[in-house]
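Undergrad: Here you go, one structure.
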Amino acid sequence: MLDSIVADVRFAIRWLIRTPGFTAVAVASLAIGIGFNTALFAVVDALLLRPMPVVRPDRLVDIYTSSPGRGAAEQYGTSSYLDYLDLNAHNQVFEEIAGYSPMFAALNLGDRSRLTLGEIVTGNYFRMLGVGAAAGRTLLPEDDSLSAPRVAMISYQFWSRELAADPAVVGRTLKLRGSVYTIVGVAPRRFTGMTSILSPDLWVPISAAMEIEPVGMHDVTPSTGTNRFDQRGDRWMFMKGRLRDGTTVDEARANLDVLMARMEAANPVSNKNKRISVKATSDVHFHPAADPVLVPIAFGLMVVVGLVLLIACANVASMLLARASGRKKEISLRLALGATPARLVRQLITESLVMSLLGAAAGIVLASVATRIIASINLPVPIPLAFDFRIDRRALVFTILITTVAGVLAGLLPALKSSRPSLVTELRGETPLARGAGHRWTMRDLLVAGQMAITAVLLVVAALLTRSLIAAQNASVGFPKERLALVALDMSMVQYSEEKSRQFFDRAVARMTAIPGVESAALTTRPPFSVNFNRWNLWIEGRHKVGDPGDIVEVTTVSPDYFKTLGVGILQGRGITSADQADTPLVAVANQTLARHLWPGDTAIGKTFHTRGPDGPVFTVVGVVSDYKVTAVSEPPTPFLHVARDQRSNVYSAIVARTHGDANTLLRDMRRELLALEPNLVFVESQTMEAEMATTLFPMRAGAWLVGVVGAMAMALAAIGLYGVIAYSVARRTREIGIRMALGAQPAKVLALIMKQGLMVAMVGLIAGSLAAVVAVRFVAGALYGVGAADPVAWIGAGAVLLSAASLANLIPARRAARVDPSEALRVE
């Protein structure tokens, strides 16, 4: 058996060498399909599927504090430090529970400062994960003490990039927010923290949370205490636990439910209605609230790219069918000499598999290049991201699987068809003429029509996404976005107090307005389109009952001239002024949607509301402004609240300025002036408002680009397949064409005849693809903005592009047919 398989492989290799043109086209088609699929799998695997590089990752679970009845994010929220201590100490199901939170900080390495991403972790974090140190030691539980020396563990990438892999790195120091930390160890190369796309530079113990602000999801419930270590209602930590052997996730959930019930009884205010959500870490990719959206998108893209492989397989199958026509005599002779049809099928599929292996080798090279290009793309987000895209063992296994599938798909149908020839006809060397003047549909025609149908689906989806992107880019956002620039600063990173930060921002605004060409400047904690999800609970007497949490609304603090700077009109009352100070009654400005939502049919001016329930601070609405986009261009009218910055001072603010001239020039001048005020500043954000808006459109742009590229590749492959069908048909009909021309047919008529044949195949594929696209567009309809799923421009444009490509693919063989010499054609046997 093995000897016959080896013989089949040798024969396949010899045959492929004898037909280099055929081999090159077939291998190139498969390489494109396999390469694109391998590259996308490497991306999806790195983001969603690859297990954490820790000891026994299958025993890890993620633990969330949930608030029943609230949004999806609140169902999987963060936990307080005191709750963490209780759960870790009193559970019966975990070996250990560790706490952690992402953080940003100003990092200083002697002569330069920059923004760095890290994680604040409990001292048992590395021990619980089973992660050691590549150099030095990991963080330890004793590092959690507030009186312990400040220490940090750095990532392998940071050690290599910033410290030149210094072998004496342990004991060196660095500054975070002005405080000195001693490096005690280097993490292993493959360990990059808890989230696949966030690659922290360093890890600091939980005690650092007194100096370094954790970022991410915060949930604050009024409770006793003075800081996040003794306030049970201040929830800012994520938790991950390692199950004891023999313990299930359900058992862990039941045990933690009991503990949370006890904590609620002991702390009825801070822990009211708080529950526990437990999920296996292998089931969590980014966050349980985001995964239901992101995971289907990722696998949907794999399906889209998989269609390219399907088209490539159809191309190769079509080529193999054509080749089989030229091998009928050889195959008939084999059968006459005693070969079984099954033996011939195995031989022909072996040839297809050998081609697939060659395509896989080229595809892996293509995938390696593609993943490097993808990893090098700088995404327009303020958060530093890192991607570990690589063709590793898992990607290679995936490649082998799809290579085998591609080889069988491409070779099975031609093999089955070739193994059942007409022995008498083929051994005599007879070639049947085409039947009449009409076109007889063949299996190759059907394969090409299928390719065209798949391509039509991709082109329609790409056209709709592109039209949606154009509509979003041209949409009104409620204010003129041109000539605006913003710079965001967190002054706690340079150890400024709240009061000192307020003074700095006042001076900064004055310097911004003094820049030549600047119309006005103002402050806000949440500029439009920024990554910020600050929300308040508004409680209104008569609308809400005691115990009712109230309405959740988006909120920002703003300084005087903010609405003037942004270009948002005041519809009623007034905006925020310099008279709104800390010692004056609290005021707020609502947008139209918020005013209509809270006080329908009535004026909002003079109305009051509480925050944090009926006993919270009281605000009076002094103005109503027109709606403008807050988070995304595609968002519906969103209730939005503005409060006075001087009444809610903050160490973080974004400076927004409008100029008469170029926004990029203004941005450069703003950075220069701010650094003149404080040389150690770290810019959390720094871009024009148009760039800020473009950031929110990046997912839409990336989707349109990816589907467009895949559609273009599919169209090219389908056009090659159509060309092959028509060229082969012309070659088979050379004698018929010669007879037609000898009887007086004009070249133009022959040209039209061949073009009609090819366009008929393309039209059938387009019609079938359009029907399939009706179903496919339902999956992207929710992501469209400004256009409907039935947008005629997109559908007609996609059809026109496909038919144009088909016409070009037909033209070359059709022109060749029109130039046939009748005397030469009639001698063809």
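The values are calculated or read from the model by the stated rules, or taken from the named source; none is laboratory data. Predicted, not measured: the structure shown is a model, and the values here were computed from it. Every residue, glycine as well, gets a Cβ built from its backbone with ideal geometry; the counts of neighbours run over all protein chains shown. Areas reflect the complete protein model, heavy atoms only, side chains present, ligands, DNA and RNA absent. Shrake-Rupley method; radii C 1.70, N 1.55, O 1.52, S 1.80 Å.
Undergrad: Taking the stretch 746-783 as the search range and keeping residues that are surrounded by 17 or more Cβ atoms within 10 Å (Cβ to Cβ), β-branched (Val, Ile, Thr) and assigned to a helix (DSSP H, G or I), which one is farthest from the chain's Cα centre (by Cα)?
TA: Looking at the filtered set, the residue picked out is VAL750.
Undergrad: Same structure, new question: Can you pull out the residues in the stretch 512-550 that are in contact with a strand residue (DSSP E or B) (Cβ under 9 Å, 6 or more places away or on another chain), open to solvent by 10 Å² or more (accessible area, probe 1.4 Å) and part of a helix (DSSP H, G or I)?
TA: Passing the criteria: only THR513.
Undergrad: Is it the case that some residue within the stretch 84-93 is farther than 23 Å from SER270 by Cβ, at pLDDT below 95 and either open to solvent by 40 Å² or more (accessible area, probe 1.4 Å) or in a strand (DSSP E or B) (or both)?
TA: Yes.
Undergrad: Of all residues in the stretch 790-820 being part of a loop (DSSP other than H, G, I, E, B) and surrounded by fewer than 18 Cβ atoms within 10 Å (Cβ to Cβ), which is modelled with the lowest pLDDT?
TA: Looking only at the stretch 790-820, we keep the residues that are part of a loop (DSSP other than H, G, I, E, B), and these are 790-791, 819-820.
Checking the rest, the ones that are also surrounded by fewer than 18 Cβ atoms within 10 Å (Cβ to Cβ) come to 790, 819.
Details: ALA790: 89, ARG819: 73.
Only one residue tops the list, namely ARG819.
Undergrad: Which one of these does LYS175 not meet: (1) touching a residue at least 40 places away in the same chain (Cβ under 8 Å); (2) surrounded by 15 or more Cβ atoms within 10 Å (Cβ to Cβ); (3) within 24 Å of TYR84 (Cβ to Cβ)?
TA: Going through the list (1) touching a residue at least 40 places away in the same chain (Cβ under 8 Å); (2) surrounded by 15 or more Cβ atoms within 10 Å (Cβ to Cβ); (3) within 24 Å of TYR84 (Cβ to Cβ), LYS175 breaks only (3).
Undergrad: Another question, if that's okay. How many of the residues making up the stretch 199-222 are open to solvent by 20 Å² or more (accessible area, probe 1.4 Å) and either touching a residue at least 60 places away in the same chain (Cβ under 8 Å) or not hydroxyl-bearing (Ser, Thr, Tyr) (or both)? Break it down into steps so the answer makes sense when it comes.
TA: Narrowing the stretch 199-222 to residues open to solvent by 20 Å² or more (accessible area, probe 1.4 Å): 199, 207, 210-211, 213, 215-222.
If we keep only those that are either touching a residue at least 60 places away in the same chain (Cβ under 8 Å) or not hydroxyl-bearing (Ser, Thr, Tyr) (or both) too, we end up with 199, 207, 210-211, 213, 215-220, 222.
Number satisfying all stated conditions: 12.
Undergrad: Among the residues of the stretch 600-620, are any of a type in the set (Asp, Glu), at pLDDT 90 or above and either at positive phi or out of contact with any His (no Cβ under 8 Å at 6 or more places or on another chain) (or both)? Step through it out loud before you land on a result.
TA: So the first thing to find is which residues in the stretch 600-620 are of a type in the set (Asp, Glu), and the list is 602, 615.
From the residues that got through so far, the ones that are at pLDDT 90 or above too are 602.
Filter once more, so that each one left must be either at positive phi or out of contact with any His (no Cβ under 8 Å at 6 or more places or on another chain) (or both): 602.
Yes; the residues of the stretch 600-620 include at least one that is of a type in the set (Asp, Glu), at pLDDT 90 or above and either at positive phi or out of contact with any His (no Cβ under 8 Å at 6 or more places or on another chain) (or both).
Undergrad: With the requirement that a residue be modelled with pLDDT under 85 and open to solvent by 40 Å² or more (accessible area, probe 1.4 Å), what does the stretch 677-695 give you?
TA: Across the stretch 677-695, the qualifying residue is only ASN680.
Undergrad: Here's something else I'd like to know. Are any residues in the stretch 267-295 open to solvent by less than 20 Å² (accessible area, probe 1.4 Å), charged (D, E, K, R) and either assigned to a helix (DSSP H, G or I) or in contact with a Leu (Cβ under 9 Å, 6 or more places away or on another chain) (or both), and if so, which ones?
TA: ASP291
Undergrad: Step by step: first the residues of the stretch 1-42, then only those that are in a helix (DSSP H, G or I), hydroxyl-bearing (Ser, Thr, Tyr) and more than 18 Å from VAL405 (Cα to Cα), then the one that is modelled with the lowest pLDDT. Which residue is that? Full working, then the answer.
TA: Restricting attention to the stretch 1-42, the residues satisfying the condition of being in a helix (DSSP H, G or I) are 2-18, 20-42.
Going one step further and asking which of them are hydroxyl-bearing (Ser, Thr, Tyr), we end up with 4, 23, 29, 38.
Filter again for more than 18 Å from VAL405 (Cα to Cα), leaving 4, 23.
Working: SER4: 68, THR23: 80.
The selected residue is SER4.
Undergrad: While we're here: Restricting attention to strands (runs of 3 or more DSSP E) lying wholly within the stretch 578-659, give those where 2 or more residues are open to solvent by 40 Å² or more (accessible area, probe 1.4 Å).
TA: Once the strands (runs of 3 or more DSSP E) in the stretch 578-659 are filtered for at least 2 residues that are open to solvent by 40 Å² or more (accessible area, probe 1.4 Å), what remains is 618-625.
Undergrad: Considering every residue within the stretch 251-266, establish whether at least one is part of a loop (DSSP other than H, G, I, E, B) and either charged (D, E, K, R) or touching a Gly at 6+ places or on another chain (Cβ under 6 Å) (or both).
TA: Of the stretch 251-266, the ones part of a loop (DSSP other than H, G, I, E, B) are none.
Looking through the stretch 251-266, none of the residues is part of a loop (DSSP other than H, G, I, E, B) and either charged (D, E, K, R) or touching a Gly at 6+ places or on another chain (Cβ under 6 Å) (or both).
Undergrad: Follow-up. Taking the condition modelled with pLDDT under 70 and either surrounded by 16 or more Cβ atoms within 10 Å (Cβ to Cβ) or not aliphatic (A, V, I, L, M) (or both), does SER468 pass? Give the derivation first.
TA: Numbers: modelled with pLDDT under 70: no; either surrounded by 16 or more Cβ atoms within 10 Å (Cβ to Cβ) or not aliphatic (A, V, I, L, M) (or both): yes.
For SER468, the condition - modelled with pLDDT under 70 and either surrounded by 16 or more Cβ atoms within 10 Å (Cβ to Cβ) or not aliphatic (A, V, I, L, M) (or both) - is not met.
Undergrad: Quick check on the stretch 487-495. Is at least one of its residues open to solvent by 40 Å² or more (accessible area, probe 1.4 Å), within 36 Å of the chain's Cα centre (by Cα) and in contact (Cβ under 8 Å) with a residue 40 or more places away in the chain? So that I can check it myself, show each step before the final result.
TA: Quick first cut of the stretch 487-495, residues open to solvent by 40 Å² or more (accessible area, probe 1.4 Å) only: 495.
Imposing the further condition that a residue be within 36 Å of the chain's Cα centre (by Cα) reduces the set to 495.
Applying the additional criterion that residues be in contact (Cβ under 8 Å) with a residue 40 or more places away in the chain yields 495.
Yes - at least one qualifying residue is present in the stretch 487-495.
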